[in-house]
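To keep things clear, I will list the structure first and then write my remarks on it.
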Amino acid sequence: MARKKTTAKPKATAAAKSAVPDHVNVMIVAQAGRLQWEAALFALSFAQSGTSKRFRLFIAEPAEGFKWPGEPGIRNNELREMLTELGATFVTFETHHFGPTYPYGNKIEALKALPKGEPFIFFDTDTLVLDALDKVPFDFDKPTASLRREGTWPVLELYGPGYTDIWKSLYDKFGLKFESSLDLSQPDEYWRRYLYFNAGFFYYRCPHEFGDKFLEYALAILKDPPRELVCQSLDPWLDQVALPLVIHAFGGGRDALPEGLLDGSVTCHYRVIPLLYAREDDKVVNTLQAITAPNKIKKILKNYDPYKRMIYQGRGDKVRAMFDRNDLPRKEQAIRNRIKSAGFWMR
């Protein structure tokens, strides 16, 4: 009797092993003041981006307590109703370590408010979603963060330690391998050689795992910094000092995503509205104009003076006319200074 031929089973590919999660939790942090208005723009852009329902928007608000006196959450009822209609889920988080003295710490403590064991993406509130997040090939086992940054930290002092000594002291403090974090295509003692991110976005497979380590590292650096940091300021840079260490500890790095998607064609971290008009692509400005055009949206957003002036009364167009997007100043501060000199700076 002839034997039946058997065919070898195809080997599982890396793509097959890395299944697309059923849902992903997208988080921004908002509270009374400027952040609540930025949250409105984020939610409006997110809703119109074509992003599928498996991406769920959470707006995290600090709870009233010792670190945040008063009512720090969004108090504008019209705004809150609009955000709810746009599909946002509100969650609150306790601030045990940071607060008004270091509001950048909100992003660290807020991670505990998200469901444990579910993949997440954190975005700074001053971000617009330009296209579907589904187009980004996230691997939630390999975290990364925004590479749209300048060499803001550390600031080297004459006769003080250099980049290598400063960064290596931090990796050594937490038992991490320093050499594998380096970009060897960049020259020694040039800031781009060292793993450094803007904290405008980051992601991982579990917000609690990520948040615990982020908090552990940030507090350890704040309370007991290596002696190589004696001349360095950690305000406001603490989160961006700890973040690359956290990402490296979880096996992530600078090359975890293709270039040009986040901080590119899919999202834009504009930082403040005057900078958006000054330097961002037409697609970003067109998205902003489109999401803020409906009358019922305009009625709410005009209550915030920077939006009223910049978006609806044409001041943003005046700022845009001041700059050539193909020949922008190399440093962001130079752009800011020119806008301020013209009397158009608002935030």
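The values are calculated or read from the model by the stated rules, or taken from the named source; none is laboratory data. Predicted model, so just to flag it, every value in this text is computed and none were measured. Please note: Cβ atoms are built from the backbone with ideal geometry, for glycine as well, and neighbour counts cover all protein chains shown.
Note on segment 154-186: residues that are among the hydroxyl-bearing types (Ser, Thr, Tyr), free of Cβ contacts under 8 Å to residues at least 60 places away in the same chain and touching a helix residue (DSSP H, G or I) at 6+ places or on another chain (Cβ under 7 Å) amount to 1. Residues in segment 135-145: is at least one more than 30 Å from LEU288 (Cβ to Cβ), out of contact with any Cys (no Cβ under 8 Å at 6 or more places or on another chain) and free of Cβ contacts under 8 Å to residues at least 12 places away in the same chain? No. Criterion first (farther than 30 Å from GLN289 by Cα and surrounded by fewer than 16 Cβ atoms within 10 Å (Cβ to Cβ)) does PRO161 satisfy it? In short, no. The sole residue among ARG330, ARG325, ARG338, ARG347 that is under 25 Å from ALA40 (Cα atoms) and among the basic types (Lys, Arg) is ARG347.
Residue-wise test of (1) of a type in the set (S, T, N, Q); (2) out of contact with any Leu (no Cβ under 9 Å at 6 or more places or on another chain); (3) farther than 26 Å from ALA218 by Cα.
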| residue | (1), (2), (3) |
| --- | --- |
| ALA256 | no, yes, no |
| HIS269 | no, no, no |
| ASN295 | yes, yes, yes |
| ILE300 | no, no, yes |
| LEU328 | no, yes, yes |
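When you scan segment 232-247, do you find a residue that is surrounded by fewer than 19 Cβ atoms within 10 Å (Cβ to Cβ), not in a loop (DSSP other than H, G, I, E, B) and not hydroxyl-bearing (Ser, Thr, Tyr), even just one? No: segment 232-247 contains no residue that is surrounded by fewer than 19 Cβ atoms within 10 Å (Cβ to Cβ), not in a loop (DSSP other than H, G, I, E, B) and not hydroxyl-bearing (Ser, Thr, Tyr). Taking segment 176-191 as the range and being over 17 Å from GLY252 (Cβ atoms) and surrounded by fewer than 16 Cβ atoms within 10 Å (Cβ to Cβ) as the test, the residues that pass are LEU184, SER185, GLN186, PRO187, ASP188, GLU189, TYR190. If you check GLY151, GLY200 for being surrounded by fewer than 20 Cβ atoms within 10 Å (Cβ to Cβ), within 18 Å of the chain's Cα centre (by Cα) and in contact (Cβ under 8 Å) with a residue 12 or more places away in the chain, only one passes: GLY151. The listed residues are LYS173, LYS142, LYS223, LYS213, and the only one of them that is closer than 29 Å to LYS116 by Cβ, of a type in the set (Lys, Arg) and touching a Gly at 6+ places or on another chain (Cβ under 8 Å) turns out to be LYS142.
Selection of segment 319-330 for residues being at pLDDT 95 or above and more than 17 Å from TYR270 (Cβ to Cβ) yields ALA321, ASP324, ASN326, ASP327. Checked against the criterion of being out of contact with any Lys or Arg (no Cβ under 9 Å at 6 or more places or on another chain), over 30 Å from PHE323 (Cα atoms) and either polar (S, T, N, Q) or assigned to a loop (DSSP other than H, G, I, E, B) (or both), segment 208-217 contains not a single residue that satisfies it.
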